[in-house]
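All remarks here apply to the structure that follows.
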Amino acid sequence: MDQALKEHLAHLEAQREHLDALIRTVKHTILSKKGDYEMSDRERFEAFKENAIRENEVQYGAEIREKYGEASVEASNRKLKGMSEEAWQQFEGLEKEIFRQLEEFTLTKISLNSEKSQKIGAYASTMALHDLGNVYSGGS
């Protein structure tokens, strides 16, 4: 029971940090739109990451927490929050390449033993190594 309470507290504190960051971002965005504040590229990127995490939570939050556990999801979210813009772009590039390869794979019915199917597996393995694919893409 103590462990469950500690996990619940950790989750609530993480939610509070997330909400504080969102509130700060929305305030800066409002000021920026009024011309009273100029958001830096870094602030815009941080807001973009927060939005991506929030959208993922809304769409897949309960499912991924049930499937992977609270600690795994929070760890993946922390990794996403800590990503540099360059790492984020590399990650997105990998994701796009996987989907492109999968589409080609299904359209041409490539053999599972082919070099192309192994390349798709390598991309997916790279994402798994970074422990980001499951949470970022909703575990699909």
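Descriptive notes on the structure:
- Meets criteria (closer than 20 Å to PHE91 by Cα, open to solvent by 80 Å² or more (accessible area, probe 1.4 Å) and either among the hydrophobic types (A, V, I, L, M, F, W, C) or out of contact with any Gly (no Cβ under 6 Å at 6 or more places or on another chain) (or both)) for ARG16: no
- Residue selected from the range 41-60 under the condition crowded, with 16+ Cβ neighbours inside 10 Å and farther than 20 Å from HIS28 by Cβ, by the criterion farthest from the chain's Cα centre (by Cα): TYR60
- Looking at SER76, SER72, just one residue is open to solvent by less than 40 Å² (accessible area, probe 1.4 Å), touching a helix residue (DSSP H, G or I) at 6+ places or on another chain (Cβ under 7 Å) and at pLDDT 85 or above, and that residue is SER76.
The values are calculated or read from the model by the stated rules, or taken from the named source; none is laboratory data. Because the structure is a prediction, the values reported are computed rather than measured. Cβ coordinates were reconstructed from backbone atoms using ideal geometry, including for glycine residues, and neighbour counts include every protein chain displayed. Side chains included, ligands, DNA and RNA excluded: accessible areas come from the protein's heavy atoms. Shrake-Rupley method; radii C 1.70, N 1.55, O 1.52, S 1.80 Å.
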